[in-house]
Amino acid sequence: MGLELPKYPEMEEDQVFNFTDSEIVSHVKQALASVLSGDNNSYNQLVGVMHHSKHLAPDEVALLETTLKALAGAVSSIDITYHDSLLSAIFCMSMWNYGPHVADALAELIVSLAISNGKYLDLCLGMLVSNFTPPPYFLDKLKMPHGLERKGQVLSRVHAAFKKIADYVPLAPLRLLTIVLQGMPTIYHKDRAIVIYVENMLKLESGEIGELVGSTILMAVVDRLIELDVEIGWDAILQDDFSKGIFEMELEDVDDIEESAEPDVGEFRLSRKSLAGNSIAELLDNLLVLTFEHLESCEREGRLAKVFETLLQSFRVTVLSAYKSKFAQFVMFYACALDPENCGMRFATMLADLFVQDSQPQPTRMSAVSYLASYLSRAKFLAASSISSMLKRLVDWCLEYCEAHDGDINPNAHRVFYSGCQAIMYVLCFRMKVFVDVPRLKSELLIPLEQVLKHKLNPLKVCLPSVVEEFLRQAKAASLFTVCKTFIFDGLLESELSRAFGGLERLDTFFPFDPCLLKKCDSFIRPMFVFWSMVKPTYDDAFDDDDDDDGSSDDLVQDFVNENEDIMNDEFGKSFDEQGVDMDEFDYALKKMSITPKATSNYKFGGRFQEQARMPSRIRPSTSPESL
């Protein structure tokens, strides 16, 4: 090869020897063997070469590359007992410190060691996994082009080495899985290091090794999202004055501001300010975007349906029981948006199945129906027929429950029933305008619902007042039915009865798919999300001089579906800039996230309310009493 070996003691200072590849391997084997006879000079020089890392001169780079290649040809002579210092030096090397030629030689040596002896397998896999993330000094370089180029060079070699090892050692993927999971950085590591590590995990999931370990890796990623999620506190969003209810959020306290007034940027950025500088929130935002992009690649490769089954399992095991989760559940939302007909309905069906199964624990059933209600209300990509089919299951179950129970109000004994009723009303606050204009849907859903709401269990009195009030306003405006009692809520968010059926988990105030406050994540979710400002309540018809009374019911439903399809085609996956969204007004738009109608003196249900209903669109489990 014409490259120089290190000068061994027998060489004169002015002597230079050139060797062929086989001669170099022979010299390395002699150095390894010399340890057995007690002569460590050549061996120590060999180990010293492995410690060359930073700021290498060209001849040092050539020497290191040559030595690594020679070691790869002499792995049979390496002994884990006698050559532990050499092995330790090799396994501590980082590909991030070297150029492509040395990185290739190092990867070749690691692969040769792994397949030569089972004793080295875990050590070799561990060394490759350690190269998922760069040394601390290199993290800042990832912002620059040459840093990104080095990242691509390193990670491509790492994953190629995994594949070669797995080809020769069939059990290697299972060993790799354990090492990857054990090596996951904690939530307190440098955020860029965690993002790169998770990026490599998702790369494993999408590769050939993922056929064996992909589902476990994906579930581990979701678990980490949940861990980060529950670390984020929301106390800064809440006011200390609970005179109007337990939760009074400054973000939504905008009733006194004129609609035409210019937004006070400072005021409407309260929620964003509460997360500003929150490293965990920023890390979660980055990881969610990384996961969204991975789901997009799965959809392009035709793998989304398979991956979605893993996500469903992970959701049931981890996310569904995490009552303080605020953002991690949007992984499910985004996956459903990528395939509404299959994944979207699969998710809704699973939630409905959990709710109606008597064998499930009460908290699980209540959490499931909360997810279902929030999902049906917020998912822009769902067809009206899909929403109505899910609502019909809920209404039918509630009606059967009423027929089987003849008692009076008892929030503790009928928690699941009240949660189902509240879910139905919540969805209809968003979707009633579609259903009241379709006779078939009106007869299948709204007429049976009247029997449920007028039952002696009296869900109108037990469910969240803010939900009930908005529902009744729209029902009255649509001439669906009237109630004999007058309900005076005084704008309260909740009541003693709603707290009773909500339980310690406060599932009565759990709306998991409320607008996402993470900036990057929102740019993916926003095009497929229904904000309250997009909803046209039935009581707005009085001001609508352009209503087309000649339109048929079927046309209305079809228009609803067509509108969703157009929005998905035009807006899906676009960034804020592509959608023409002014980022300076982003937080101002958050004030419209709740389904809180504007103050109007002309339309107050019953003529008694001095305040308009305040829908709990931003209440999350982390804002429940125990977290305060």
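What number of residues within segment 95-110 are open to solvent by 20 Å² or more (accessible area, probe 1.4 Å) and not charged (D, E, K, R)?
Filtering segment 95-110 for residues open to solvent by 20 Å² or more (accessible area, probe 1.4 Å) gives 97, 99-101, 104, 108.
Subsequent filtering for residues that are not charged (D, E, K, R) retains 97, 99-101.
Going through segment 95-110 one residue at a time, the tally reaches 4.
Among the numbered conditions (1) modelled with pLDDT under 75; (2) open to solvent by 60 Å² or more (accessible area, probe 1.4 Å), tell me where M249 comes up short. Here M249 meets the rest and fails (2). Taking V289, is it under 16 Å from F524 (Cα atoms), among the hydrophobic types (A, V, I, L, M, F, W, C), buried (at least 16 other Cβ atoms within 10 Å of the Cβ) and touching a Lys or Arg at 6+ places or on another chain (Cβ under 8 Å)? Yes.
Residues in segment 148-168 that are small (G, A, S) and under 27 Å from the mean Cα position of the chain (by Cα): G152, S156. Hey, could you check segment 161-171 for residues that are open to solvent by 50 Å² or more (accessible area, probe 1.4 Å) and assigned to a helix (DSSP H, G or I) and say which is nearest to A105 (Cα to Cα)? For segment 161-171, the residue satisfying everything is K164. On the stretch given as segment 348-374, residues that are within 17 Å of R431 (Cα to Cα) and either surrounded by fewer than 24 Cβ atoms within 10 Å (Cβ to Cβ) or polar (S, T, N, Q) (or both) total 3. Entry remark, segment 431-454: residues being open to solvent by 70 Å² or more (accessible area, probe 1.4 Å) and either under 12 Å from A384 (Cβ atoms) or among the aliphatic types (A, V, I, L, M) (or both) number 2 in total. Here N458 meets each of (1) more than 15 Å from A413 (Cα to Cα); (2) surrounded by fewer than 24 Cβ atoms within 10 Å (Cβ to Cβ); (3) modelled with pLDDT of 75 or more with one exception, condition (1). Considering segment 182-233, and only residues there that are without any contact (Cβ under 8 Å) to a residue 60 or more places away in the chain and charged (D, E, K, R), the residue that is surrounded by the most Cβ atoms within 10 Å (Cβ to Cβ) turns out to be K203. Can you confirm whether segment 111-128 contains a residue that is in contact (Cβ under 8 Å) with a residue 12 or more places away in the chain, touching a Lys or Arg at 6+ places or on another chain (Cβ under 6 Å), of a type in the set (V, I, T) and open to solvent by 10 Å² or more (accessible area, probe 1.4 Å)? Checked segment 111-128: at least one residue is in contact (Cβ under 8 Å) with a residue 12 or more places away in the chain, touching a Lys or Arg at 6+ places or on another chain (Cβ under 6 Å), of a type in the set (V, I, T) and open to solvent by 10 Å² or more (accessible area, probe 1.4 Å). I'd like the full set of residues that are in a helix (DSSP H, G or I) and modelled with pLDDT under 95, limited to segment 121-146. Selection gives P136, Y137, F138, L139, D140, K141, L142, K143, P145, H146.
Beta carbons closer than 8 Å, at least 6 apart along the sequence or on distinct chains, pair a first residue in segment 49-78 that is farther than 24 Å from N117 by Cβ and surrounded by fewer than 18 Cβ atoms within 10 Å (Cβ to Cβ) with a second that is at pLDDT 90 or above and among the polar types (S, T, N, Q) for S53/S94; S53/N97; K54/N97. List every residue pair whose Cβ atoms sit under 9 Å apart, with the two residues 6 or more apart in sequence or on different chains, where the first one lies in segment 415-430 and is free of Cβ contacts under 8 Å to residues at least 12 places away in the same chain and the second, anywhere, is outside any helix (DSSP H, G or I). Cβ pairs passing all conditions: none. The set of residues from segment 508-532 being part of a helix (DSSP H, G or I) and at pLDDT 85 or above comprises K519, K520, C521, D522, S523, F524, I525, R526, P527, M528, W532.
Mind checking whether some residue in segment 78-95 is within 31 Å of the chain's Cα centre (by Cα) and assigned to a helix (DSSP H, G or I)? Working first, answer last.
Restricting attention to segment 78-95, the residues satisfying the condition of being within 31 Å of the chain's Cα centre (by Cα) are 94-95.
Subsequent filtering for residues that are assigned to a helix (DSSP H, G or I) retains 95.
Yes, some residue in segment 78-95 is within 31 Å of the chain's Cα centre (by Cα) and assigned to a helix (DSSP H, G or I).
For segment 316-336, the set of residues classified as among the aromatic types (F, W, Y) and modelled with pLDDT of 95 or more consists of F330, F333, Y334, listed by residue number.
Being closer than 26 Å to L290 by Cβ and buried (at least 18 other Cβ atoms within 10 Å of the Cβ) is true of V319. Looking across segment 382-413 at every residue that is open to solvent by less than 20 Å² (accessible area, probe 1.4 Å) and not in a helix (DSSP H, G or I), the one that is modelled with the highest pLDDT is identified as L382.
The values are calculated or read from the model by the stated rules, or taken from the named source; none is laboratory data. Quick caveat, the model's predicted, so the values are computed rather than measured. When we count neighbours, we look across all protein chains shown, and the Cβ atoms used for this are built from the backbone with ideal geometry, even at glycine. Please note that ligands, DNA and RNA were not included when accessible areas were found on the heavy atoms of the full protein model with its side chains. Shrake-Rupley method; radii C 1.70, N 1.55, O 1.52, S 1.80 Å.
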